[in-house]
Amino acid sequence: MSLAVVFARANIGIQAPLVCVEAHLSNGLPAFNIVGLPEAAVKESKERVRSALINSHLEFPDKRITINLAPADLPKSGGRYDLAIAIGILAASGQLPTDQLGNLEFIGELALSGEVKRVAAALPGIMAAQDNDRDIFIPHDNSREAGLLNRQNSFPARHLLEIISHLQAETVLEKAEKIREAKPRFDHDLRDVIGQYAARRALIVAAAGAHNLLMVGPPGTEKTMLASRICTILPPLDERNALETAALRSIASSDFDMANWRLPPFRAPHHTASAVALVGGGSSLKVGEISLAHNGVLFLDELPEFSPKVLDVLREPLESGSISISRANYQVRLPARFQLLAAMNPCPCGYLNDSERQCRCSTDKVKKYQSRVSGPLLDRIDLQVHVPGLSQEDKTRLFSSGNTQNQSSDTVRESVTDARERQYTRANKANAYLTQSEIRQSCNLVPEDEDFLKQSMNKLGLSTRTFFRLLKVSRTIADLEGVDKIHRQHLAEAISLRFPGLFTD
């Protein structure tokens, strides 16, 4: 047969659309052409495939070879089509049976020796093949990504000859082995934090409801230490969200602990990061930090040191949970539902209103520094707490051998998990992501408490967004206590965690 059709998978963001690799052999002067909007790396696969077949002691047809990558209007990039092209040429030249190719897919880059090399973004392709009830052949180096799936449909291979032997029923490749999950182990614990009870409480509330949190205080008050411990109290991701997060890491070729793949991601970019580094994009699509933090935490330390333009690009994904990237040669939408955790000093020197050290900043410098964080962005941060310097009593505890007064991360994580379970039972989502209609259903107040909240709203001049965010935080505080109704003390605590009087001269 001079025509064969083999299936592969492209990569467009988190999507993996099907690509039909059509291989046709015809008489005429020997030639090798690839059509179907291939980029440079795909065009170069001609040389890789030719050398791989010859060095594997297979026949490379001395004919006119045409490879069509359909659909023709979908850009093709990378070396992920090498394996499918090689299989198509072998099938079209009669060296492989074609009767089972309709139920199979192939992803992999070929070395000149015929070795099957790792490709980026393999996991979305494996998941898409599984959704279409097809088996897929992948590089052996991608087998651990495939092992995240409960139902295995992938055959990892180290060499092209292993795949050919399997297709000819001479040997049988083993499917990818399921990854065994390990019990999470952390090098740090929330118990390590000395004092800072208000900030600890805010961190627990933020973790329980996936709320955004800003910590403001002078240098050395454990803001970064607190932030780094939020992952020790977050509940593990469910399978669907964990796979979505793993797929984004696969696209970015980001290494992570496969055994702990259900742990929420924690990303902490430096303040010199550009807007593209945060949201993604570039001439060839790169996944940004906000997408790598999907279903997890994005920590921005020294918040005002980030460019104001960079910070403002966070406003849309904080509301929508995704980011739309448009470039001349592609348009893609990436998930970016993250929990924002930020820390900052109250002024450039860091000691505004500090009881121990005198602030050296002028009023203009303080205002200019604080104005680098825009009002609309602050309005999207549910909790804003002051982190003061340690008291003398807490300082003496620094020298003690143990810190038994604070709850451990394991204990806190149990209460946070219970609160999250109440939220998912009620609305199938964390409180931070409730819509206004869902807030009305989940956050019923008695008339007296409604009057209290209305008075607070008028006195504080709250925006509509802030009003609903206060209700969501109140709902989370009630969930931590295990009660169904929101009471005045929950509203009062939510207000105190949102308006602690941080930015005062």
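Some values worked out for this structure:
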read-out: Rounded if a/c under 1.5, otherwise prolate or oblate - the range 404-505, Cα gyration tensor axes; value: oblate
read-out: Among ALA259, GLY288, HIS270 - extreme Cα towards positive end, dipole of the range 212-298, charges at beta-carbon; value: HIS270
read-out: Acute angle (nearest 10 degrees) that the helix 447-460 long axis makes with the longest principal axis of the chain, alpha-carbon atoms; value: 90 degrees
read-out: Projected label distance in nm at SER437 and LEU37, using a 7 Å step from Cα toward the beta-carbon; value: 3.6 nm
read-out: Residues in the range 334-378 that a label on GLU302 would reach, taking backbone N under 11 Å of a point 7 Å out along Cα→Cβ; value: 345
read-out: Prolate/oblate/rounded call for the range 190-498, Cα gyration tensor, a/c under 1.5 rounded; value: rounded
read-out: Electrostatic dipole magnitude of the range 190-498 [Cβ: Lys, Arg +1; Asp, Glu -1; Cα centre; debye, to 20]; value: 680 debye
read-out: The range 190-498 - share of DSSP beta bridges that are antiparallel (%, nearest 5); value: 35 percent
read-out: Anisotropy class of the range 46-123 from Cα gyration tensor, a/c 1.5 cut; value: rounded
read-out: Dipole of the chain, positive direction: furthest Cα of VAL35, SER320, GLN407, with charges on the beta-carbon; value: SER320
read-out: Residues ARG240 and ASN55, FRET efficiency given R0 of 56 Å [Cβ-Cβ distance, rounded to 0.05]; value: 0.85
read-out: Positive-end residue of LEU470, ALA70, GLY195, charge dipole of the chain with Cβ unit charges; value: LEU470
read-out: Relative exposure of HIS166, HIS188, judged by other C-beta atoms within 10 Å (fewest first); value: HIS188, HIS166
read-out: Dipole magnitude (debye, nearest 20) for the range 203-278, charges at Cβ of Lys, Arg, Asp, Glu; value: 160 debye
read-out: Lys, Arg +1 and Asp, Glu -1 on Cβ, resulting dipole of the range 1-131 about Cα centre, debye, nearest 20; value: 220 debye
read-out: Cα long-axis angle, helix 488-498 against the chain (0 to 90 degrees, to the nearest 10); value: 70 degrees
read-out: Sorted by Cβ density within 10 Å, fewest first, the residues VAL116, VAL366; value: VAL366, VAL116
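The numbers here are math on the coordinates, done by the rules we state, and not lab data. If you're wondering where the values come from, they're calculated on a predicted model, not measured in any experiment. Don't worry about glycine lacking a Cβ; one is built from the backbone with ideal geometry, like all the others, and counts go over all protein chains shown.
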